[in-house]
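Asker: Take a look at this one; I'll ask things after.
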Amino acid sequence: MIRHKSFQPEPAHTLYFIATPIGNLQELSPRALEIMSNVDKIACEDTRVTGKLLHHFNLQKPLIPCHEHNENLASQTIIQAVLQGESIAYVSDAGYPGISDPGQRLIQLALQSDIHVVVISGPSAILNALVGSGLNTERFYFHGFLLPKEGPRLDELKDLYTRKETLIFYESPHRIDNTLKNMLEVFGNRRAVIARELTKLHEEYLRGTLQELVDTNPTTLKGEMVVLVDGNKDEMSIKLSDDELRKLVQNLTETGLSMKDAIRQVSEMTTIQKNYIYKLMHRN
C-alpha cells in the first residue's frame, strides 16, 4: 500500500544520506554541512576518508563504520540508534551513497523500519562525466562497475550491445586496459570518453574512439575513472546469443569456407567485432 508522507517538517526518526565531494572538498553543499554539523553521529564507508572531510570543515563527530563488509550488521546498529532518538547521517567516500557504493541495504532497512529517509544532493561523477563528455545526454544508461573476470564481463557487454543510450561505466586503473579492449571487441570502434580525477587538480577528459583509448598508454590512466561509450547507432544491427553466433560460423564452415572467412562474414552480417567471434569460437 502506498503511503503519502510529508517531507516538511522532518519527522523525529530521520536518517540522512548525504552526497559528498568526488574531489574538490568545496563542493560540499551548505545544506550538507549544516546537517553534518547538527547530527549526533555520522555513519560512513571509511572513517579515515570521512575523518579528513570533517577535519577540513572543523567538525568533530563520532563515526560509525558501515562498508561493504559489515553493511548488514552496521545497518541494524544504525537503525536502532535512530529509533532510539539519535540523529545520524550516512556518507560514502565520494558521491552518492548507494550508487556503486555502500548504503543501499541501509536505505532499504530504514524504509522497512518506517524511518524517514532524506537524501541531500551533491556531486555526481556520473553526471559530471556525461555533461563533459560531449556524447549524447538526452538518454543514458549507467551500468557501474563491470564484472572483474573477462568471460562474464564480455557477456555483460554483449547484453548492452544494442542499447542506443550513452553507456556509462565506472572502472579502476588496474582493469581499465582489459576493459577497453573488451569494449572494442564487443561494441566495435564507437566514440568513447574516459573522465578521470573529476573535480581534482589533474581532472582529465580523453575523448576519441575505443581504438584510440585502447592505444593510450595504460600507465598514464590513474585514479578512479568514468568510461562513457556511444550507444548503438546501427539500425541494422543483429542481437544474437553466443550459441547462435557459433552456429552461424559452423554453418558457413560446413559450406567449405575457412574459419577465418566464416568469422569475417558473420562479423559483417551482425556488426559484431571479429575478435569477439574469434574468441567465442575458441572458448572452451
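Laboratory data are not the source of any read-out in this text; all were calculated from the coordinates shown. Computed from a prediction, not measured in an experiment: that's the story for all the values here. In this analysis, Cβ positions are derived from the backbone assuming ideal geometry, glycine residues included, and neighbour counts consider all displayed protein chains.
Asker: For segment 166-177, state whether one or more residues are buried (at least 18 other Cβ atoms within 10 Å of the Cβ), in contact (Cβ under 8 Å) with a residue 60 or more places away in the chain, closer than 24 Å to ILE18 by Cα and not hydroxyl-bearing (Ser, Thr, Tyr).
Answerer: Among the residues of segment 166-177, at least one is buried (at least 18 other Cβ atoms within 10 Å of the Cβ), in contact (Cβ under 8 Å) with a residue 60 or more places away in the chain, closer than 24 Å to ILE18 by Cα and not hydroxyl-bearing (Ser, Thr, Tyr), which makes the answer yes.
Asker: Looking only at segment 183-208, which residues are touching a Lys or Arg at 6+ places or on another chain (Cβ under 6 Å) and not aliphatic (A, V, I, L, M)?
Answerer: Across segment 183-208, the qualifying residue is only GLU204.
Asker: Let me ask something else about it. Where in segment 141-227 are there strands (runs of 3 or more DSSP E), lying wholly inside it, with at least 2 residues that are among the aliphatic types (A, V, I, L, M)? If you could, list the steps in order and put the result at the bottom.
Answerer: Values: elements: 166-171, 191-196, 204-209.
Fully inside segment 141-227 and qualifying: 166-171, 191-196.
Asker: Sticking with this structure for a sec: Quick one: how many residues across segment 222-276 are within 29 Å of PHE142 (Cα to Cα) and either out of contact with any Pro (no Cβ under 8 Å at 6 or more places or on another chain) or surrounded by 15 or more Cβ atoms within 10 Å (Cβ to Cβ) (or both)?
Answerer: 32
Asker: Could you list, in sequence order, the residues of segment 60-113 that are free of Cβ contacts under 8 Å to residues at least 24 places away in the same chain, in a loop (DSSP other than H, G, I, E, B) and either in contact with a Lys or Arg (Cβ under 8 Å, 6 or more places away or on another chain) or among the aliphatic types (A, V, I, L, M) (or both)?
Answerer: Selection gives PRO62 alone.
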